[in-house]
Amino acid sequence: MPLRPDDKHELAPSPSLPNPATPTPTSASPTILPICQDIAGRVNAFLDSEPETPLLRQVQAQTRVALGVISAALERYSLPEISLSYNGGKDCLVLLILLLASLAHHPPTLLPRKLQSVYIISPHPFAEVDAFVDGSIDAYSLDLARYTQPMKEAFRLYLREHAGVKAILVGTRRTDPHGEVLTHFDATDHGWPAFMRVHPVIDWHYAEIWAFIRHLEIPYCVLYDRGYTSLGGTTDTHPNPALKAGNVQSETKEQSFRPAYELVEDKAERLGRDW
Ligand code: ATP
């Protein structure tokens with residue numbers, strides 16, 4: 001589907017990609033293979049297509065790089081040693097999709113029933129984010145461990161309770177805080193619990209993340225349609241001022257915002273966050 005500048009409405013979920021906003025009954029399937037195959041089919045169709053815009057050509061190249069990094073991680077580590085850091089945000093959503101697509105090529109007998117993942121809940125979570133994460137558990141067969149402690153302590157606990165995990169896939173990008181110096185594989189440092197951080201989308205640009213999500217019609221958290229461009233907690237995250245719409249809703253006097261995917265500049269992404 002080509003990206004159209006005037007296409008502002010929330011995308012209808014595609015016929016076969018499950019929508020995390022509407023949880024489906026738990027699958028009786030013994031492994032995650034069916035969802036992996038479905039997603040791999042979509043990703044491969046995208047990669048095999050002639051891109052309709054220069055942006056989509058870039059996204060194809062980024063997708064190939066990210067799949068290469070995930071494939072390297074799957075060679076270095078067994079699946080029980082791998083986890084995904086997932087909070088329902090757009091970057092780890094792309095990462096989740098690419099990981100599932102990669103697993104379609106993994107030996108089926110080695111596939112788990114659910115994908116190991118970890119979510120550190122914000123002290124002031126958005127109900128919309130929690131609902132999207134809940135929906136992701138069903139839609140993508142996640143085995144999601146949740147923690148409420150501060151990040152470092154939460155990972156310490158997670159690794160204690162999941163002693164086999166050695167590598168965690170993280171959706172950090174270059175323009176995120178601390179993203180500047182990261183590579184595809186970075187061991188933790190500065191007193192963090194020991195694990196390998198894997199960053200398959202580190203060099204994706206903001207616009208590329210959205211082009212991937214929209215082109216593949218991947219359902220995403222509703223807050224992004226209300227002008228939020230990066231999701232934290234309710235006390236430190238606001239709609240991005242760069243997306244202020246000209247009009248103010250006359251009845252509520254509320255300012256309205258354009259959707260996150262209309263922002264283009266990487267450096268404007270975190271203008272709606274206080275940290
Ligand atoms: P967005 O920037 O739109 O919120 P995002 O959450 O995917 O998207 P970041 O907030 O930049 O991206 O965080 C980078 C990555 O760090 C995430 O993709 C995710 O892998 C990991 N991460 C961040 N916060 C959490 C959290 N609270 N729990 C689990 N993983 C997290």
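The values are calculated or read from the model by the stated rules, or taken from the named source; none is laboratory data. Worth saying up front: this structure is predicted, and the values here are computed from it rather than measured. Backbone-built Cβ (ideal geometry, glycine too); neighbour counts: all protein chains shown. Only protein heavy atoms, including side chains, enter the accessible area calculation; ligands, DNA and RNA are left aside. Shrake-Rupley method; radii C 1.70, N 1.55, O 1.52, S 1.80 Å.
Key figures for this structure:
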{"read-out": "Test: residue in segment 224-235 that is of a type in the set (Ser, Thr, Tyr), within 13 Å of the ligand (Cβ to nearest atom), open to solvent by 20 Å² or more (accessible area, probe 1.4 Å) and not assigned by TED's automatic domain parsing to the domain that holds ASP130", "value": "yes"}
{"read-out": "Residue count for segment 101-133, restricted to those that are more than 11 Å from the ligand (Cβ to nearest atom) and part of a loop (DSSP other than H, G, I, E, B)", "value": "9"}
{"read-out": "Scan of segment 176-191 for residues that are assigned to a loop (DSSP other than H, G, I, E, B) and not acidic (Asp, Glu), ordered by number", "value": "PRO177, HIS178, GLY179, VAL181, LEU182, THR183, HIS184, THR188, HIS190, GLY191"}
{"read-out": "Qualifying residue in segment 60-82 (condition: touching a residue at least 24 places away in the same chain (Cβ under 8 Å), open to solvent by less than 10 Å² (accessible area, probe 1.4 Å), closer than 21 Å to LEU216 by Cα and within 12 Å of the ligand (Cβ to nearest atom))", "value": "no"}
{"read-out": "Scope segment 134-175; condition open to solvent by less than 40 Å² (accessible area, probe 1.4 Å), hydrophobic (A, V, I, L, M, F, W, C), near the ligand (Cβ under 10 Å from one of its atoms) and assigned to a helix (DSSP H, G or I); matching residues", "value": "ALA154, PHE155"}
{"read-out": "Conditions (1) modelled with pLDDT under 95; (2) within 11 Å of the ligand (Cβ to nearest atom); (3) open to solvent by less than 60 Å² (accessible area, probe 1.4 Å); number of the one not met by ARG197", "value": "(1)"}
{"read-out": "Any hit, segment 39-52, residues being surrounded by 15 or more Cβ atoms within 10 Å (Cβ to Cβ) and farther than 26 Å from VAL133 by Cα", "value": "yes"}
